[in-house]
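Step one of this worksheet: look at the structure below.
The values are calculated or read from the model by the stated rules, or taken from the named source; none is laboratory data. Keep in mind the model is a prediction, meaning the values are calculated, not measured. Note that each Cβ is placed from the backbone with ideal geometry, even for glycine, and that neighbours are counted across all protein chains shown. Side chains are part of the model used for accessible areas, which takes the heavy atoms of the whole protein and leaves out ligands, DNA and RNA. Shrake-Rupley method; radii C 1.70, N 1.55, O 1.52, S 1.80 Å.
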Amino acid sequence: MSSPLKDAAAIVGIGATPFTKNSGVSELQLASECVAAAIADAGLAPTDVDGLVTFSLDTNDEIEVARAVGIGDLTFFSRIPYGGGAAIGIVHQAAMAVATGSARAVVAYRALNGRSGQRYSQGVGGDIVTSDLIHWSWYMPSGLMTPTSWVAMFTQRYMHEYGAKSTDLAQVAVSTRKHAVNNPAAFFHGRPLTIEEHQASRFIVEPLRLYDCCQETDGGCAVVITTPERARDLEQPGALIRGVAQASAADQEQMTSFYRPSIATLPEMDLVARQVYAMSGLSPDDIDAAVIYDAFTSIVLWQLEAFGFCSVGEGKDFVQDGNLEVGGRLPTNTHGGQLSEAYIHGVNGIAEGVRLIRGTSTNQPAKNDHVLVTGGVGVPTSGMILGKLD
Amino acid sequence: MTLPAKQKRELESKLQAYVGKPIGPPQVGRDPVNVPMIRQWCDAMGDGHPAYTDPVAAERSVHRGLVAPPTMLQAWILPGFEMSVETEAPRDEQQALHKLLSDHGYTSVVATNCEQGYARYLRPGDELSAETVVESISEEKATALGIGYFIDTLTTFRDQNGDEVGWMKFRVLKFIPQQPAQTASSADAAPAKPQRIRPLLGHDNAWWWEIVNQGQLPIQKCNGCGALLHPPRPMCGHCQSTDLSHVIASGKGEVYSFVVMHHPQFPGYEYPLVAALVELEEGTRLVSNLVGCAPEDVHIGLPVRVCVERVDDELMLPVFRPAS
């Protein structure tokens with residue numbers, strides 16, 4: 001049976017603030033600026049928007065953003081938990097809202113002072129106020145309390161089981177950086193990276209080096225979602241949501257799912273892949289480009305495997321030979337990714353997915369019928385396939 | 001700690017050059033004396049005198065009209081938040097004077113005295129300006145806060161006709177902040193040694209840590225189906241039983257995965273720090289530290305054995321050592 005969510009919503013506007021290391025403004029200002037920019041990009045007025053959705057982690061309440069931007073009545077508002085796993089989850093919420101008529105146009109946003117404010121690299125210890133402190137208590141006494149340390153644990157096992165090397169991870173960092181070099185919005189615009197520089201960079205948590213880790217960024221990013229019918233009347237070519245899904249898999253923990261039979265795969269991303277392919281009726285061969293959540297280089301390999309671009313354990317081979325670059329099999333993270341453009345919790349990747357469909361990426365591949373966009377890894381997550389609106 | 005005598009003489013001669021000098025051109029009030037500011041000030045101070053806010057009562061009073069509270073004197077010429085923003089280049093001689101002292105280690109400042117005198121009541125429409133002169137700088141003083149210099153300024157307030165309407169003497173202490181260890185009372189209170197971050201204890205995990213504190217490594221066991229569970233949970237995910245107990249692990253296992261942590265470094269932990277995901281022979285896994293083994297000698301499959309050890313002043317942790 002076909003899903004009622006298939007082709008039932010389109011992304012019609014994208015907006016972002018500058019990406020910096022010290023914005024000098026409040027997170028609410030960042031949110032307001034990117035939301036207003038996305039609405040303007042869509043050719044809508046703030047009062048045309050009646051839904052807002054963001055991350056549970058976001059500090060910018062929907063009603064504060066609505067007041068600041070001049071959005072009037074809201075008939076839909078929602079939040080998605082689990083860090084970057086929410087990236088496509090917020091689009092999923094928005095798509096369901098417009099498809100069911102709960103809202104006519106929804107803005108999904110995320111804004112953070114991720115470098116000058118609270119930094120995720122600084123770990124979960126100290127004055128943490130989350131309700132899952134007991135969960136983290138299994139790791140804090142041993143010092144395992146930063147995102148890099150958790151992902152490194154999976155990475156070590158993956159490298160052991162499949163023979164992946166640090167130089168394979170470097171391929172991800174280097175190809176992504178090539179894209180950022182051409183992107184004026186990217187932090188690493190004009191600053192290329194070599195395999196040798198990657199290999200010479202210091203270990204953060206072995207086996208992960210500095211350039212295996214994404215940046216921390218101040219900035220905001222927002223996208224506008226509405227129905228295909230309305231989308232056809234708007235300024236920009238709409239990016240049709242062909243398939244979209246969330247997933248949490250058996251024995252899921254937040255960043256520490258160490259107790260499954262294998263920890264060298266991503267069962268939750270496998271579940272996202274099954275759903276988005278089933279909903280869209282598409283297969284890996286149909287995907288022309290991808291925005292793959294890249295908080296760390298290694299997680300890109302696992303997602304390439306989860307979405308069937310290669311077999312399990314072969315991600316290390318797939319990333320060779322320029323396959324992730326424009327002209328390669330799967331141009332990936334053509335904006336520079338979170339490794340080299342900015343870390344806006346994956347939402348800047350949604351904007352790039354839309355640009356790829358519009359044909360306006362600074363690293364635009366020739367073929368752009370279908371683009372995969374994924375959410376964060378190691379947590380309950382999300383993903384979608386975008387296509388062209390006829 | 002203070003300056004060597006020669007440097008101190010040089011500093012003090014530079015300081016004295018400021019005495020008697022205006023700090024800059026007169027400051028001009030941003031707005032004339034006005035009723036809204038008076039009303040807001042009275043609200044904030046809780047001053048309900050009718051001569052300040054009630055035109056009818058003020059007209060009938062000795063003032064024959066609204067007047068401003070005399071103690072608002074300085075409020076009329078304050079430059080706003082700009083004055084509290086530190087800039088590289090001093091904006092006036094007072095800032096230059098403070099910077100000179102900061103550069104010599106007298107980095108802290110505290111206001112100690114303020115006196116005002118008033119020549120007449122101010123009325124709405126009066127336009128104020130104020131000229132501030134460095135009146136005196138003391139010799140170096142040892143105070144409870146630290147060693148420093150008292151700086152006195154005298155500000156003269158004038159109206160639109162150039163007539164003096166009031167004055168303010170203001171005194172600050174610019175000082176070297178006292179180091180806590182230098183005071184006799186705190187000399188023996190050395191800063192506490194940083195400790196590892198403690199587990200937060202609740203219903204679902206406190207029992208586990210209590211057994212660890214007794215030197216053993218427990219594994220949660222479901223009495224319903226016999227499954228061993230880690231990390232412990234309030235219900236068995238296999239059979240939904242809440243009848244849960246535990247067994248004591250043999251302590252034997254092997255490294256299933258591991259990391260070597262370098263950055264960031266948290267107080268209370270020693271780096272490089274090896275954290276391992278250990279698979280126990282009972283089949284469950286847990287995260288802990290690997291000790292007694294150089295990071296470069298750790299590998300997946302390494303046989304290890306648990307040692308419940310005190311890892312800082314108090315915290316007991318089941319860490320692992322190579323089994324051989």
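Considering every residue within the stretch B:285-292, establish whether at least one is open to solvent by 50 Å² or more (accessible area, probe 1.4 Å) and within 25 Å of A:Phe154 (Cα to Cα). So far as the stretch B:285-292 goes, yes, one or more of its residues are open to solvent by 50 Å² or more (accessible area, probe 1.4 Å) and within 25 Å of A:Phe154 (Cα to Cα). Within the stretch A:289-313, the set of residues being of a type in the set (Phe, Trp, Tyr), out of contact with any Asp or Glu (no Cβ under 7 Å at 6 or more places or on another chain) and open to solvent by 10 Å² or more (accessible area, probe 1.4 Å) comprises A:Tyr293, A:Trp302, A:Phe309.
A:Pro81 passes every criterion in (1) open to solvent by less than 40 Å² (accessible area, probe 1.4 Å); (2) closer than 30 Å to B:His263 by Cβ; (3) more than 14 Å from chain B (Cβ to nearest Cβ); (4) at pLDDT 90 or above apart from (1). Looking only at the stretch A:37-70, residues that are of a type in the set (Val, Ile, Thr) and out of contact with any strand residue (DSSP E or B) (no Cβ under 7 Å at 6 or more places or on another chain) come to 4 in all. Only a single item in (1) touching a strand residue (DSSP E or B) at 6+ places or on another chain (Cβ under 6 Å); (2) closer than 29 Å to A:Ser121 by Cβ is not met by A:Arg242, and it is number (2). If you go through the stretch B:199-251 and pick out every residue that is within 12 Å of chain A (Cβ to nearest Cβ), within 17 Å of B:Val306 (Cα to Cα) and in a loop (DSSP other than H, G, I, E, B), you end up with 2. The residue of the stretch A:366-383 that is farthest from A:Ile88 (Cα to Cα), among those that are in contact with a helix residue (DSSP H, G or I) (Cβ under 6 Å, 6 or more places away or on another chain) and small (Gly, Ala, Ser), is A:Gly376.
When B:Gln40 is tested against (1) touching a helix residue (DSSP H, G or I) at 6+ places or on another chain (Cβ under 9 Å); (2) open to solvent by 90 Å² or more (accessible area, probe 1.4 Å), only condition (1) is not met. The lone criterion from (1) in a helix (DSSP H, G or I); (2) touching a residue at least 60 places away in the same chain (Cβ under 8 Å) left unmet by B:Met37 is number (2).
How many of the residues in the stretch A:45-65 are free of Cβ contacts under 8 Å to residues at least 24 places away in the same chain and in a helix (DSSP H, G or I)? Residues flagged as free of Cβ contacts under 8 Å to residues at least 24 places away in the same chain and in a helix (DSSP H, G or I) within the stretch A:45-65 amount to 2.
Scanning the stretch A:133-163 for residues that are open to solvent by 10 Å² or more (accessible area, probe 1.4 Å) and not in a helix (DSSP H, G or I) gives A:Trp138, A:Gly163. Among residues that are of a type in the set (A, V, I, L, M) and at pLDDT below 80, B:Ala206 is not included.
Only one entry in A:Val91, A:Val49, A:Val65 is surrounded by 21 or more Cβ atoms within 10 Å (Cβ to Cβ) and at pLDDT below 95, namely A:Val65.
The criterion of at least 2 residues that are of a type outside the set (Phe, Trp, Tyr) and farther than 27 Å from B:Gly29 by Cα is met by the following strands (runs of 3 or more DSSP E) wholly inside the stretch B:124-184: B:146-158, B:164-177.
Residues of the stretch A:117-132 include none that is at pLDDT 90 or above and not in a loop (DSSP other than H, G, I, E, B).
Within this structure, A:Tyr211 passes the test of being open to solvent by 50 Å² or more (accessible area, probe 1.4 Å) and within 14 Å of another protein chain (Cβ to nearest Cβ). For the stretch A:7-39, the set of residues classified as outside any helix (DSSP H, G or I) and closer than 30 Å to A:Tyr277 by Cβ consists of A:Asp7, A:Ala8, A:Ala9, A:Ala10, A:Ile11, A:Val12, A:Gly13, A:Ile14, A:Gly15, A:Ala16, listed by residue number.
Taken over the stretch B:271-282, the criterion of being of a type outside the set (Val, Ile, Thr) and more than 9 Å from chain A (Cβ to nearest Cβ) is satisfied by B:Glu279, B:Leu280, B:Glu281, B:Glu282.
The condition of being in contact (Cβ under 8 Å) with a residue 60 or more places away in the chain, within 14 Å of chain B (Cβ to nearest Cβ) and either in a loop (DSSP other than H, G, I, E, B) or buried (at least 24 other Cβ atoms within 10 Å of the Cβ) (or both) holds for only one of A:Glu216, A:Glu235, that being A:Glu216. Applying the set (1) over 20 Å from A:Arg274 (Cβ atoms); (2) part of a helix (DSSP H, G or I) to A:Gly322 leaves exactly one unmet item: (2).
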